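Enquirer: Starting off with a structure, shown below.
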């Protein structure tokens, strides 16, 4: 990987309050998953309707770093982006102001390389521009 480097950093924590309908969709996403398949505490919470709610929290930290050849990048021939970081997701079910179920998941080590190649470089996007100009002329 070359000496060219440009960083961007994303850190955020999304939080949602979920109704019993949202929870039902989350725990039973397809008809093949039935209430009988759920844990008893989840089933009881969903059966209580309005006294059941949930909180989903998704903190994450992702760094994007442009790598590779700076000349190819600047002239839009080839762009490589390295993405690293972590993601955590927690779900808590609350029934009558009492936590009845909790679960969490995530990925402690995200790492991916996105490679975008345009063989014509800056001329790649001119097709739409030239076509619009030609159409406007006639």
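The values are calculated or read from the model by the stated rules, or taken from the named source; none is laboratory data. Remember, predicted model here, so these are calculated numbers, not experimental data. Cβ: placed from backbone, ideal geometry, glycine included. Neighbour counts: every protein chain shown.
Enquirer: Given the structure, is residue 126 surrounded by 10 or more Cβ atoms within 10 Å (Cβ to Cβ), out of contact with any strand residue (DSSP E or B) (no Cβ under 7 Å at 6 or more places or on another chain) and at pLDDT 75 or above?
Expert: Numbers: surrounded by 10 or more Cβ atoms within 10 Å (Cβ to Cβ): yes; out of contact with any strand residue (DSSP E or B) (no Cβ under 7 Å at 6 or more places or on another chain): yes; at pLDDT 75 or above: no.
Against the criterion (surrounded by 10 or more Cβ atoms within 10 Å (Cβ to Cβ), out of contact with any strand residue (DSSP E or B) (no Cβ under 7 Å at 6 or more places or on another chain) and at pLDDT 75 or above), residue 126 does not qualify.
Enquirer: Among the listed residues 73, 96, identify the single one that is over 18 Å from residue 13 (Cα atoms) and either surrounded by 14 or more Cβ atoms within 10 Å (Cβ to Cβ) or within 24 Å of the chain's Cα centre (by Cα) (or both).
Expert: Values: 96 fails: either surrounded by 14 or more Cβ atoms within 10 Å (Cβ to Cβ) or within 24 Å of the chain's Cα centre (by Cα) (or both).
Selected residue: 73, the only one of 73, 96 that is over 18 Å from residue 13 (Cα atoms) and either surrounded by 14 or more Cβ atoms within 10 Å (Cβ to Cβ) or within 24 Å of the chain's Cα centre (by Cα) (or both).
Enquirer: Could you identify the single residue in 97, 109 that is modelled with pLDDT of 90 or more and at positive phi? First the steps, then the outcome.
Expert: Values: 109 fails: at positive phi.
Among 97, 109, only 97 is modelled with pLDDT of 90 or more and at positive phi.
Enquirer: Note down all Cβ pairs under 7 Å where the first residue falls in segment 30-55 and is on the phi < 0 side of the Ramachandran plot and in contact (Cβ under 8 Å) with a residue 12 or more places away in the chain, the second is part of a loop (DSSP other than H, G, I, E, B) and surrounded by 12 or more Cβ atoms within 10 Å (Cβ to Cβ), and they're at least six residues apart or on different chains.
Expert: Hits for this filter: 53/19.
Enquirer: What are the residues in segment 44-70 that are touching a helix residue (DSSP H, G or I) at 6+ places or on another chain (Cβ under 6 Å) and surrounded by 15 or more Cβ atoms within 10 Å (Cβ to Cβ), if any?
Expert: 46, 52, 54
Enquirer: Follow-up question, since we're still on this one. Scan segment 99-119 for residues that are farther than 15 Å from residue 65 by Cβ and surrounded by 14 or more Cβ atoms within 10 Å (Cβ to Cβ) and jot them down.
Expert: Correct list: 100, 101, 118.
Enquirer: Only one of (1) in contact (Cβ under 8 Å) with a residue 12 or more places away in the chain; (2) part of a strand (DSSP E or B) fails for residue 24. Which number is that?
Expert: Exception for residue 24: condition (2).
Enquirer: Just name the residue that is farthest from residue 118 (Cα to Cα) out of those in segment 76-90 that are surrounded by fewer than 17 Cβ atoms within 10 Å (Cβ to Cβ) and without any contact (Cβ under 8 Å) to a residue 40 or more places away in the chain.
Expert: To start, the set of residues in segment 76-90 that are surrounded by fewer than 17 Cβ atoms within 10 Å (Cβ to Cβ) comprises 76, 78, 83-84, 86-90.
Remaining after also requiring without any contact (Cβ under 8 Å) to a residue 40 or more places away in the chain: 83-84, 86-90.
Values: 83: 20, 84: 24, 86: 30, 87: 31, 88: 35, 89: 36, 90: 40 Å.
Taking the candidates together, the pick is 90.
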